[in-house]
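These notes are about the structure you will find just below.
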Amino acid sequence: MLARLPNTLFFNIALRLTGVMLGFTALLVGVLFLAVVKPMAEKNALDQAAFMALSVKTWVELPPNARADFAAELALKHGVQLRVASALAANAPLNASSKPFLRWSAEALTRQFNQPVVWSFDPNAPPDAPFEYWTTISLAGHTLQLGIAQQHFGQGLPKLGLLLLALSVVLALAVSVWVVRNMTQPLARMVAQLDARKQQNPSTVWPKESFNISDELMRLSQAIGQLLHNEARALHLRTVLLSGVSHDLRTPLTRLQLALELLPSSTPAGLVESIARDLTLMNQLIGEFVDLGRDVTQSRHLIDQCDLNAFVQAWLEPYGTSSQIVFKPCMDAPTFWEGNALALKRVLSNLLDNALRYAPNQPITVALNWVNNGRQNGWQIAIADLGPGIPAHELEQVFEAFYRLERSRNTHTGGSGLGLAVVKALANANGWQVRLQSHCTAGTCPSQQKPSGTVAKVFLPTM
């Protein structure tokens with residue numbers, strides 16, 4: 001199975017730019033080869049053919065006693081061998097298309113001597129034979145064999161073209177990577193700055209000098225900074241509003257509780273208990289409002305170090321030793337963790353309380369595992385119950401504030417609708433991932449079967 005290609009801006013731009021540059025480079029190399037290299041090589045071959053033709057004619061015109069010295073000088077200084085024809089064992093015609101120099105020279109010699117000239121080679125010649133290619137020429141009653149060496153005659157024209165193309169490809173890749181890296185580095189630094197500012201208060205405008213970017217990216221960075229600033233201000237105003245409203249509501253509630261205690265003994269006990277329950281519920285709701293409105297960004301600086309196995313066991317102790325809750329610790333990886341333990345405890349408690357509320361007397365499994373999802377490594381805490389489950393189209397909506405699956409708004413059957421909103425807010429503030437997943441008891445959910453059970457997964461990436 002092919003590995004998935006990275007879907008990054010750098011990779012996508014580099015891939016497209018490299019393709020364009022390679023196409024242009026191949027076209028340029030082709031034009032250069034056809035317009036410059038090939039004509040020069042063809043001229044060189046014609047010059048060599050003319051020299052060989054002149055050498056043959058000179059040999060024929062020389063006195064017999066001078067021909068041996070002339071042939072020796074040709075071989076020594078010019079890499080051309082002339083000798084009286086003798087049979088070559090199993091001569092084979094050359095493939096002219098793969099030897100352009102030989103083809104051009106053969107055509108020129110054919111025109112010079114008005115006879116077909118075909119180069120051949122001796123397959124039985126030793127590897128270190130000085131002359132590899134031979135042809136036979138008849139002139140003035142003499143039949144001569146003309147031999148040349150490959151290294152002398154420049155057989156590397158196709159190799160030269162391939163070398164030029166390979167160098168062009170390497171150059172195109174290097175230039176593409178350099179250009180794209182310079183284009184995407186400001187964006188990469190901006191993303192890194194955004195990640196870092198998750199742990200800080202976002203500023204309105206980021207200094208242009210800190211990124212060394214263009215005006216367009218500068219405006220983008222200013223817009224992002226403004227959005228972050230507006231978001232932080234909105235969260236702060238929400239915190240102030242909810243805290244103020246909660247404080248103002250708790251004051252009369254305290255007075256009502258005091259008045260309830262001062263009621264005469266003749267007041268019906270059932271009425272007193274009913275009023276007390278309502279006051280307790282109102283106090284609980286106000287507390288949840290405060291939790292939802294609290295500035296969760298302040299808690300991100302509370303970094304604890306702990307062993308997650310021990311942490312989860314300690315967190316589960318207040319729930320008793322009932323067999324309803326089963327903890328499966330992580331045994332195949334180290335469980336040392338750094339993070340906001342208080343926020344994690346609140347997240348897990350809200351999720352487990354939901355499981356206990358909707359799956360009473362049903363087994364609940366809490367499992368800690370080391371997870372590698374391909375991009376991030378970390379620990380995952382899963383809380384699985386066998387309750388009624390959540391429809392697939394509502395798995396994300398339940399994290400919205402005041403959203404409830406139970407439409408009656410009865411707090412005894414559906415809670416306040418704020419528990420999962422607090423979970424999502426704390427998870428986002430600390431860089432965790434939380435999601436819900438419904439499943440059937442058998443592991444699959446046919447269309448005619450309602451989901452049975454819910455798994456809440458909290459992923460804690462490594463720092």
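The values are calculated or read from the model by the stated rules, or taken from the named source; none is laboratory data. Worth saying up front: this structure is predicted, and the values here are computed from it rather than measured. So basically every Cβ, Gly included, is an ideal-geometry build from the backbone, and we count neighbours across all protein chains shown. We work out accessible area using only protein heavy atoms, side chains counted, and drop any ligands, DNA or RNA first. Shrake-Rupley method; radii C 1.70, N 1.55, O 1.52, S 1.80 Å.
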Of (1) touching a Ser or Thr at 6+ places or on another chain (Cβ under 9 Å); (2) at pLDDT 80 or above, Trp59 satisfies all except one. Which?
-> (1)
Residue by residue through the stretch 318-332, note down the ones that are assigned to a loop (DSSP other than H, G, I, E, B), modelled with pLDDT of 85 or more and open to solvent by less than 60 Å² (accessible area, probe 1.4 Å).
-> Pro329, Cys330
Within the stretch 350-371, residues hydroxyl-bearing (Ser, Thr, Tyr) and at pLDDT below 90 come out as Tyr358
Note on the stretch 26-78: residues within 19 Å of Ile137 (Cα to Cα) and among the aromatic types (Phe, Trp, Tyr) are Phe51, Trp59, Phe70
Sort out which residues of the stretch 48-82 are in contact with a helix residue (DSSP H, G or I) (Cβ under 8 Å, 6 or more places away or on another chain) and of a type in the set (Gly, Ala, Ser), and write them in order of number.
-> Ala49, Ala50, Ala53, Ser55, Ala71, Gly79
Given (1) open to solvent by 50 Å² or more (accessible area, probe 1.4 Å); (2) outside any helix (DSSP H, G or I); (3) modelled with pLDDT of 75 or more; (4) of a type outside the set (Lys, Arg), number of the condition Gln81 does not satisfy | (1)
Which condition does Leu163 not pass, out of (1) at pLDDT 75 or above; (2) closer than 18 Å to Val37 by Cβ; (3) open to solvent by less than 60 Å² (accessible area, probe 1.4 Å), if it passes all the others?
-> (3)
